[in-house]
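Notes for the one structure printed next.
The values are calculated or read from the model by the stated rules, or taken from the named source; none is laboratory data. Computed from a predicted model, the values in this text were never measured in an experiment. Reconstructed Cβ throughout: ideal geometry from the backbone, glycine too, with neighbour counts over all protein chains shown.
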Amino acid sequence: MPFIPHTPADVAAMLASIGAADLDALFDEIPAELRSAGLSDIPPALSEMAVSRLLQERAVADGTYLNFIGAGAYEHHIPAAVWQLAGRGEYYTAYTPYQAEASQGTLQLIYEYQTMMARLTGLDISNASLYDGATALAEAVLMAVRAGKGTTRRVLVPATVHPRYRAVVEAAVRDQGIELATLPYCTECGHTLVAGLEAYAARPAAALVIPQPNFFGVLEPVDALTDWAQAHGMLAIAVVNPVSLGLLKAPGQWGEKGVDICVGDGQPLGIPLSSGGPYFGFMTCRQALVRQMPGRLVGATVDRDGRRGYVLTLQAREQHIRRAKATSNICSNQGLMVAAAAMHLALLGPQGLKSVALAAHANTRALLDRLTALPGVTRAFSGAIFHEAAVRLVSPVADVLRALRAQGIVGGHALGRDYPELADALLICATETKTDDDLNRYTQQLERILGRREAPPCGYKPPAMRT
Amino acid sequence: MLIFEHSRPGRRAASQSPASPAAADDIPAELLRAEPPALPEVSEMDVVRHYTRLSQKNFSIDTQFYPLGSCTMKYNPRVCHSLAMLPQFLARHPLADPDTGQGFLRTLHELQEMLRALTGMAAVSLAPMAGAHGEFAGVAMIRAYHAARGDHGRNQIIVPDAAHGTNPASASKCGFTVREVPTDRRGNIDLDALRTAVGPQTAGLMLTNPSTLGVFEPSIAAIQEIMHAAGGLSYYDGANLNAILGRVRPGDMGFDVIHVNLHKTFSTPHGGGGPGAGPVGVSERLRPFLPIPYVVEERGYFRWAAEADCPQSIGRLSAFGGNMGVLLRAYVYARMLGGEGMRRVADYATLNANYLAAELARAGFDLAQPERRASHEFIVTLKRLKDATGVSAMDFAKRLLDYGFHAPTTYFPMLVPECLLIEPTETESKETLDAFVAAMAKVQEEARTDPDLVKAAPHTLPVRRLDDVRAARELDLAWPA
Amino acid sequence: MSIPTDLRYTKTHEWARLEADGSVTVGITDHAQDLLGDMVFVENPALGRQLEAGEECAVVESVKAASDVYAPIAGAVVAINDKIESAPEAINKDPYGAWMFKLKPAQAGDLDGLLDAAAYQAHVESEAH
């Protein structure tokens, strides 16, 4: 029996100990009319060999592509050591570290992670992680409203924040009566303009969300935005790419006082793209907000002999104690992802992280230069970028992407669905993983496709639902 | 030692990042970082040794038995990990066109369908990334359902007092108030109290069955009748699904919405606190409100459903759809079990729990529900031992660590004083259970003969009893730079 | 368990004392601190806040539990004890000395509706069963 070690003799001895005639007798408290007949709709069992063959064939059929999408999930080199270490059974199969004395490995690792994230973002404290960057932003919005003691339930969110993040925040706060006001962006430069915000300060708001870089890859005027928010009695919430912080100013240093809360997705720190997850969300904040922080926190303490050790702390904020009044319903952190991120950051170090950020920046600049040299490709925005940029194409974006795919290239993310005014625009990203040859291959294929520009072959209809 | 204490200025794992950094002179200087972040400066071997040594300070399923009630700590098959880590699955960008991931999407669709069949629900979404996330989605759907009918007065969710803390926390996160109903002496919901509690303000009921007290709620039909008569919906918390897999389906029990903890019932690893996954299943009337995305099939082509497909959806729960790697692991596990194997899960989890309960009772322990059949878990109360010796459930739990067993869940559910909630799961052998009974009996003996030994436990782990009061009073959440 | 006879009590385990100046001092009882265990955090109401009788107005938190504190009577918060916010363990050591806040009662005589020591003792005993 797969994963069940019982021999017939064991079963007989155990039933005798219980005083039950058979296994069915163990379910005698379940009303007979509720008992189901069986699981005929579930396919029969496969051996490990058979299921391996099945999934390997599916994976190979899916294939691999030369990827130029970023849009919130980024391809980076991951040192081999990261997942060999994180995959150790002692991390992989451990439970949440409630029994601290038996979980010092996980607990110290999270404490190290918290320290790294606090330093990276320039804030005082970090929690032990949330589900992903989008849910971390939702929790930050709720936290800002709580910190304001409910005096206002309005939060300002620039349109340059990742559209999926905005959708997740909307779904998470809707039922608590929180209003999200969307701020416009400069269609020429591609970032939020402080000058355009005064109208939004007419009514009080609990927080301003500040993305850096923003969804278009463009750098926001973060100092001015942070100061503006705080001058208007709002908390400043940064949403950042952690790799960019190897190069860019830490949110704790933005403006006069630094932001109050910083969140983001930790995926670029050692987590594969993985078709969408698991990733992890990080959250750091000022010390003064610690009791409003959702999720687990690891703190240092001492044992009976005065030896340093680590425990989960401030648990009374959490759902298992505070129940309906908890800071959040969140229970899990993305523990294993955090383990990988801590190992990844330790392997890169300050110089390594900076050189990854610089190389990704340089690659995207180089790709942008080559693409915009082609006829029919122009930059969508003039603002400075980190490692991602929007370009406008003369041909329909969906057709271009389909043609690139046929050449084994995933050419970028179409912006039109979320930004109708950018229906002709494509968001592209070339991290440090891309070589000069990769950039050339993309450029040549795009040149060929744009040069072709004829209608699709007669009779061909793109599948209606596939866009 | 911390990784920061290994750090030496100028040391690095040089092969892990680009060698010659380019310039970034097109970025305005005021946006650049003045000082590099104070990350550790260490060699690759420093990292490997440090994190290998740290791992050795952990208990884990691979090294220890975890009789941890309500957590279903079963064996995590290795192949689930290696297949979820196939390079093509790992390399795929979440926003890449579905053309590039038909095998992946087909796999998730099959998982959706298996979960649907297994739970008896009308439709399933894999979007929630944890049990509590599934609860949020489920309660949000209940809210959306009433709102869509213009029934705006329903602002209350009923939760039994024995429920997990996430239930009331999830209900409040959706803007509901929470009304608790008591549990009677046998561990069942007090039906009279439930009748009194429901009314035009009732949006729904959240129920775990078997309950957190480890017993099956036999009055489930009556409970559903009361809820339906009141116009409320019912939510099944799948925390204890392992107990009834293949025996009873939540859909057949009349529930409108459920979540399944894949990191419990489907054996995906706990990873020291996550990631998990908490897919939700719904009855027909809640289908329009399912969270997106979920996988749809159209004539053999698979893609994610999005906003345009389901305008009444409660929306997105994550940026990129969910914890895909966890879903793949659960899929592999489900395929290896097959229908018959799934039924055996409940059979042998229940056999192990009832055997352990019988043997512990023989060893002199007090069961909280001695007259009831255990489900996949049961409760021992140490109240008598504490009154006699001063040894608490916490002390007892810490001493078990010295004997190489992870402690059972302590002080939950809060209704039973000095309790240990014990769940052995189906993957443990009789020998392991017998060794655990022997350790429990030994600690009980020690509590009577040398209570201070137990109160001072653990004695053999990397640290002795940690001062969590000091941790909370003198917060130290990051290593000083 | 100590239940001083000169104080008044609530069923939610607050104590209240009428001061000579007409204000009412509020804290949590010895029984409450014993149930909660080692106190690690106290959050008092804001100075000047108007409270209804029975309104949630403060939080006391230990390592293993958190509990709301309810206003025993209606009134305005006229003083808070910020010493216990930096040293919450004082509540464990001396629950009747480590007061939390003072109210100016909305109506004189409100305290008469609260439990006396004997009635509180009976209430605690009834909860234990």
Given (1) of a type outside the set (A, V, I, L, M, F, W, C); (2) in a helix (DSSP H, G or I); (3) within 20 Å of A:R153 (Cα to Cα), number of the condition A:P204 does not satisfy | (2)
Has segment B:386-397 got any residue that is at pLDDT 95 or above, within 27 Å of A:P43 (Cβ to Cβ) and of a type in the set (S, T, N, Q)?
-> no
Can you confirm whether segment A:322-331 contains a residue that is facing another protein chain (nearest Cβ under 7 Å), over 19 Å from A:E75 (Cβ atoms) and at pLDDT 95 or above?
-> no
Residue by residue through segment B:203-226, note down the ones that are hydrophobic (A, V, I, L, M, F, W, C), more than 13 Å from chain A (Cβ to nearest Cβ) and either surrounded by fewer than 23 Cβ atoms within 10 Å (Cβ to Cβ) or closer than 17 Å to B:L118 by Cα (or both).
-> B:I226
Would you be able to say whether some residue in segment B:228-237 is part of a loop (DSSP other than H, G, I, E, B) and over 27 Å from B:E426 (Cβ atoms)?
-> yes
Candidate set: segment C:97-117, residues that are within 19 Å of C:D34 (Cα to Cα) and small (G, A, S); chosen: the one farthest from the chain's Cα centre (by Cα) | C:A117
If you scan segment A:128-161, which residues turn out to be out of contact with any strand residue (DSSP E or B) (no Cβ under 7 Å at 6 or more places or on another chain) and at the interface with chain B (Cβ under 10 Å from one of its Cβ atoms)?
-> A:A134, A:A138, A:L142
Is it true that some residue in segment A:91-101 is under 30 Å from A:L415 (Cβ atoms), in a loop (DSSP other than H, G, I, E, B) and in contact with a strand residue (DSSP E or B) (Cβ under 6 Å, 6 or more places away or on another chain)?
-> no
Within segment A:30-57, residues within 7 Å of chain B (Cβ to nearest Cβ) and outside any loop (DSSP other than H, G, I, E, B) come out as A:L34, A:R35, A:E48, A:V51, A:S52, A:L55, A:Q56
Among residues of segment B:1-41, those that are more than 21 Å from A:G122 (Cβ to Cβ) and among the charged types (D, E, K, R), counted | 6
Return yes or no: is B:E359 part of a loop (DSSP other than H, G, I, E, B) and either surrounded by fewer than 24 Cβ atoms within 10 Å (Cβ to Cβ) or in contact with a His (Cβ under 7 Å, 6 or more places away or on another chain) (or both)?
-> no
Return yes or no: is B:G232 farther than 21 Å from B:L415 by Cβ, under 16 Å from the mean Cα position of the chain (by Cα) and buried (at least 22 other Cβ atoms within 10 Å of the Cβ)?
-> no
In the set A:G270, A:G309, A:G299, A:G276, which member is touching a residue at least 12 places away in the same chain (Cβ under 8 Å), among the small types (G, A, S) and more than 8 Å from chain B (Cβ to nearest Cβ)?
-> A:G270
Where in segment B:378-481 are there helices (runs of 4 or more DSSP H), lying fully within it, with 2 or more residues that are buried (at least 16 other Cβ atoms within 10 Å of the Cβ) and more than 10 Å from chain A (Cβ to nearest Cβ)?
-> B:383-389, B:393-402, B:430-449, B:451-455
Listed by first then second residue, the pairs whose first member lies in segment B:359-376 and is within 16 Å of B:P210 (Cα to Cα) and more than 9 Å from every other protein chain (Cβ to nearest Cβ), whose partner is in a strand (DSSP E or B) and of a type in the set (S, T, N, Q), with beta carbons under 6 Å and at least 6 positions apart or on separate chains, are B:A368/B:T381
Residue count for segment B:1-34, restricted to those that are part of a helix (DSSP H, G or I), of a type in the set (G, A, S) and free of Cβ contacts under 8 Å to residues at least 24 places away in the same chain = 2
Among the candidates B:L118, B:L126, single out the residue that is under 19 Å from the mean Cα position of the chain (by Cα), more than 9 Å from chain A (Cβ to nearest Cβ), buried (at least 23 other Cβ atoms within 10 Å of the Cβ) and closer than 26 Å to B:A346 by Cβ.
-> B:L126
A:G277 crowded, with 24+ Cβ neighbours inside 10 Å and closer than 16 Å to A:M117 by Cβ | no
Please work out which residue is surrounded by the most Cβ atoms within 10 Å (Cβ to Cβ), limiting yourself to segment B:35-49 and to residues that are outside any loop (DSSP other than H, G, I, E, B) and among the β-branched types (V, I, T).
-> B:V47
Which strands (runs of 3 or more DSSP E) sit wholly inside segment B:243-334 and have at least 3 residues that are under 21 Å from the mean Cα position of the chain (by Cα)?
-> B:257-260, B:280-282
On the given criteria, is A:V60 without any contact (Cβ under 8 Å) to a residue 24 or more places away in the chain, outside any loop (DSSP other than H, G, I, E, B), facing chain B (nearest Cβ under 7 Å) and within 30 Å of A:T443 (Cα to Cα)?
-> yes
Of these, A:I110, A:I18, A:I78, which one is buried (at least 18 other Cβ atoms within 10 Å of the Cβ) and free of Cβ contacts under 8 Å to residues at least 24 places away in the same chain?
-> A:I18
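Yes/no per residue for (1) surrounded by 19 or more Cβ atoms within 10 Å (Cβ to Cβ); (2) among the small types (G, A, S); (3) more than 7 Å from chain A (Cβ to nearest Cβ); (4) within 21 Å of B:G278 (Cα to Cα):
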| site | (1), (2), (3), (4) |
| --- | --- |
| B:Y51 | yes, no, no, no |
| B:K57 | yes, no, no, no |
| B:Y66 | yes, no, no, no |
| B:T72 | yes, no, yes, yes |
| B:C80 | yes, no, yes, yes |
| B:F89 | yes, no, no, yes |
| B:R92 | yes, no, no, no |
| B:P98 | no, no, no, no |
| B:Q102 | no, no, no, no |
Could you tell me whether A:G177 is closer than 21 Å to A:G252 by Cβ, surrounded by fewer than 22 Cβ atoms within 10 Å (Cβ to Cβ) and either in contact with a Pro (Cβ under 6 Å, 6 or more places away or on another chain) or at pLDDT below 95 (or both)?
-> no
